[in-house]
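> The following block contains the structure, expressed as structure tokens.
Read the figures in this text as sums done on the coordinates, not as results from a lab. As the structure is a computational prediction, the values presented were derived from the model and not from experiment. Here Cβ is always computed from backbone atoms with ideal geometry, including for glycine, and neighbour counts include all displayed protein chains.
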Amino acid sequence: MKATASIFGFSLLAGTMLLAGCAEPSGPAAPQQSPAAQSAAGPAGEPNDEVRQALAKLSAEDRAIAEKQKVCPVSGEPLGSMGTPYKVTVKGRDVFLCCDGCEEEIKAHPDKYLAKLPE
């Protein structure tokens, strides 16, 4: 019984941490990149194997867009650090997000997040 409770508690904690990793940083002193974002890049700032594998699942055209975009405009996480980037169209523009959890926020405040993207 105690083992089941421990497993449940750990699963709940892990799930909470995973969801929190996709939240937008708040406040003026929010870092440009989270620790997860820093670990998704190799020593020279290049994507690590996990990110490369996630981006490789996209079509060549989508991969080129995602590689140019580099990060999720909502969370600031590197695209591919949370699995295959999630594609949405916002104001006629294709945008990649770190996960589907960021879709509601970008659609609620499109101008705020589109301004963060490269041309």
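> Would you check if Ala54 is more than 14 Å from the chain's Cα centre (by Cα), assigned to a helix (DSSP H, G or I) and among the hydrophobic types (A, V, I, L, M, F, W, C)?
Criteria not met by Ala54.
> I'd like to verify a number: residues in the stretch 74-119 that are part of a helix (DSSP H, G or I), buried (at least 18 other Cβ atoms within 10 Å of the Cβ) and charged (D, E, K, R), how many?
Residues meeting the conditions: 1.
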